[in-house]
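The values are calculated or read from the model by the stated rules, or taken from the named source; none is laboratory data. Please read these numbers as outputs of a predicted model, since none were measured by experiment. Methodologically, a virtual Cβ is constructed for each residue, glycine included, from the backbone with ideal geometry; neighbour enumeration extends over all protein chains shown. The protein model used for the area step is the full one, side chains on, heavy atoms only, and it has no ligands, DNA or RNA in it. Shrake-Rupley method; radii C 1.70, N 1.55, O 1.52, S 1.80 Å.
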Amino acid sequence: MRTGSMRVAEISTAAIRHNVGHIRELTGGVVIVVVKANGYGHGAAIAAQAAIEGGADMVATADLEEALALREAGIAGPILCWLHGARVDFAPAVAEDIEIGVSNLAQLEKLAAAAQRAGKTAVAQLKVDTGLSRNGACRSEWDVLFTRAAELHRAGIVHVRGIFSHLANAGDQGDRAQAAEFDAAIALLQEKGVDPELTHLAASAATLKSPHLHYSAVRVGVVAYGLSPLADKTSAQLGLIPAMTLRSEIVALRGVPAGTGVSYGFNHVCETATTLALVPMGYADGMPRALNGSGAWVSIAGEPRPIVGRIGMDQFIVDVGPLAGRLSLGDEVVLFGDPERGFPAVEIWAGLMRTINYEIIASIGPRVLRLAAGADAA
Ligand SMILES: *Cc1c(COP(=O)(O)O)cnc(C)c1O
């Protein structure tokens with residue numbers, strides 16, 4: 001940032017290390033930390049580095065492009081990615097030692113061809129659909145896919161390192177049914193002559209709730225960032241520390257008389273004389289415009305103050321009321337952070353927006369500077 005940063009997502013790497021360490025203790029197996037979508041908005045390289053320091057054995061992304069960006073950023077350890085377009089080119093994956101989640105035979109053949117062209121063994125983990133009805137080979141495809149994978153494995157062209165699937169989180173019974181399917185897939189792969197080193201089914205929710213679903217590895221995203229995947233449990237209740245503090249600053253302060261209209265459409269009119277603070281964050285920065293009129297608030301000088309008027313692309317307004325005399329331009333505004341430190345929890349926004357914490361953090365825009373902060377917070 002050449003010009004001073006007025007929009008900052010401060011990332012406590014200590015919190016990420018703590019959260020990953022907590023998951024390690026909980027499972028005792030291999031921990032794969034998912035850093036897709038710019039590390040759930042936290043900055044992919046910051047998140048990956050902190051996760052590895054916290055004991056992650058592997059990091060993972062959805063797209064190969066994201067995985068390659070991590071390599072370019074200097075992340076040296078194992079990286080897995082699993083969502084591929086029909087025209088994907090796996091040559092860079094082979095060159096950069098990115099492990100490929102393979103969902104169908106066409107992907108496997110492409111990976112094998114890339115390996116042979118490079119004169120190098122590629123590494124694959126087979127992705128199977130056990131009931132989510134999304135990415136992954138469905139049961140009718142397993143036999144052909146596993147037969148070919150075992151052949152390539154024996155030939156040293158594609159090393160089949162693992163097999164994995166993803167849960168629908170549709171309740172304990174559904175989870176158990178998916179696990180039974182997953183067990184069948186593992187058994188079939190073994191029958192074909194491949195005993196996979198890594199087997200993984202659980203993402204954050206099952207990692208916390210269902211020890212019987214841990215297999216040899218877990219694949220966690222949101223808990224690494226210190227947020228709860230469970231509607232009825234807070235971060236603190238789960239022993240997690242939210243890693244992101246989203247903050248900005250006051251760039252204008254204005255005393256206004258009663259009856260003053262605020263922002264586009266004047267859908268907020270000040271009932272009494274008050275003071276308005278302008279904060280340079282908007283919907284382009286991940287602050288949902290639909291928060292308008294919802295009762296959302298921010299923390300200024302340690303006090304909760306309401307967001308008033310419509311949220312613009314770049315800015316919003318806070319009624320700072322009685323705080324006015326204590327405030328100056330440049331003072332900090334915290335949009336959300338760790339509630340244990342007195343900041344609004346991201347779950348407040350998620351609740352007002354009828355969405356999940358995941359969507360709010362993953363939507364933080366590119367103008368927001370991700371700033372790694374080391375020692376604090378944990
Ligand atoms: C995003 C994702 C995860 C991580 O999910 P969390 O709920 O954040 O732990 C794990 N596996 C797959 C396949 C994913 O797409």
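How about the range 187-209: which of its residues are polar (S, T, N, Q) and either away from the ligand (no atom under 16 Å from the Cβ) or out of contact with any Gly (no Cβ under 9 Å at 6 or more places or on another chain) (or both)?
Initially, the range 187-209 is screened for residues polar (S, T, N, Q), giving 190, 199, 204, 207.
Once the filter is applied, which keeps residues that are polar (S, T, N, Q) and either away from the ligand (no atom under 16 Å from the Cβ) or out of contact with any Gly (no Cβ under 9 Å at 6 or more places or on another chain) (or both), the range 187-209 yields Gln190, Thr207.
Please identify the pairs in which a residue from the range 1-23 that is closer than 14 Å to Pro366 by Cα has its Cβ atom under 7 Å from the Cβ atom of a residue that is open to solvent by less than 10 Å² (accessible area, probe 1.4 Å) and among the charged types (D, E, K, R), counting only partners at least 6 apart or on another chain.
Hits for this filter: Arg7/Asp285.
For the range 146-190, enumerate the residues that are of a type in the set (Val, Ile, Thr) and more than 24 Å from the chain's Cα centre (by Cα). Lay out the reasoning, then the answer.
Narrowing the range 146-190 to residues of a type in the set (Val, Ile, Thr): 147, 157-158, 160, 163, 186.
Result: Thr147, Ile157, Val158, Val160, Ile186.
For residues that are without any contact (Cβ under 8 Å) to a residue 60 or more places away in the chain and not small (Gly, Ala, Ser), scanning just the range 230-247, find the one that is nearest to the ligand (Cβ to nearest atom). Walk me through it before giving the result.
Narrowing the range 230-247 to residues without any contact (Cβ under 8 Å) to a residue 60 or more places away in the chain: 230-233, 237-238.
Filter again for not small (Gly, Ala, Ser), leaving 230, 232-233, 237-238.
On the way: Leu230: 10, Asp232: 16, Lys233: 14, Gln237: 17, Leu238: 13 Å.
Only one residue fits best here, namely Leu230.
Going by what's in this entry, would Pro306 be described as outside the structural domain of Gln49 (by TED's automatic domain parsing) and part of a strand (DSSP E or B)?
So Pro306 passes the test.
Can you name the residue in the range 347-375 that is open to solvent by 50 Å² or more (accessible area, probe 1.4 Å) and part of a loop (DSSP other than H, G, I, E, B) and, of all such residues, is nearest to the ligand (Cβ to nearest atom)?
Checked the range 347-375; the qualifying residue nearest to the ligand (Cβ to nearest atom) is Ile356.
Would you check if Gln116 is in contact (Cβ under 8 Å) with a residue 24 or more places away in the chain, outside any loop (DSSP other than H, G, I, E, B) and either within 16 Å of the ligand (Cβ to nearest atom) or open to solvent by 20 Å² or more (accessible area, probe 1.4 Å) (or both)? Full working, then the answer.
On the way: in contact (Cβ under 8 Å) with a residue 24 or more places away in the chain: yes; outside any loop (DSSP other than H, G, I, E, B): yes; either within 16 Å of the ligand (Cβ to nearest atom) or open to solvent by 20 Å² or more (accessible area, probe 1.4 Å) (or both): yes.
Yes: the conditions hold for Gln116.
Within the range 132-176, take every residue that is outside any loop (DSSP other than H, G, I, E, B), out of contact with any strand residue (DSSP E or B) (no Cβ under 9 Å at 6 or more places or on another chain) and open to solvent by less than 60 Å² (accessible area, probe 1.4 Å) and give me the one that is nearest to the ligand (Cβ to nearest atom).
Checked the range 132-176; the qualifying residue nearest to the ligand (Cβ to nearest atom) is Asp175.
Among the residues of the range 86-109, count how many are more than 16 Å from the ligand (Cβ to nearest atom), open to solvent by 20 Å² or more (accessible area, probe 1.4 Å) and assigned to a loop (DSSP other than H, G, I, E, B).
Matching residues across the range 86-109 total 6.
Condition check: surrounded by fewer than 22 Cβ atoms within 10 Å (Cβ to Cβ), within 15 Å of the ligand (Cβ to nearest atom) and in a helix (DSSP H, G or I). Does Ala184 satisfy that?
On the way: surrounded by fewer than 22 Cβ atoms within 10 Å (Cβ to Cβ): yes; within 15 Å of the ligand (Cβ to nearest atom): no; in a helix (DSSP H, G or I): yes.
It is false that Ala184 is surrounded by fewer than 22 Cβ atoms within 10 Å (Cβ to Cβ), within 15 Å of the ligand (Cβ to nearest atom) and in a helix (DSSP H, G or I).
Those residues that are among the β-branched types (Val, Ile, Thr), under 15 Å from the mean Cα position of the chain (by Cα), within 15 Å of the ligand (Cβ to nearest atom) and not in a strand (DSSP E or B), I need them from the range 21-62; list them, please.
Answer for the range 21-62, where residues must be among the β-branched types (Val, Ile, Thr), under 15 Å from the mean Cα position of the chain (by Cα), within 15 Å of the ligand (Cβ to nearest atom) and not in a strand (DSSP E or B): just Val35.
Restricting to the range 240-260, give me the number of residues that are out of contact with any Asp or Glu (no Cβ under 9 Å at 6 or more places or on another chain) and either more than 13 Å from Phe316 (Cα to Cα) or at pLDDT below 95 (or both).
6
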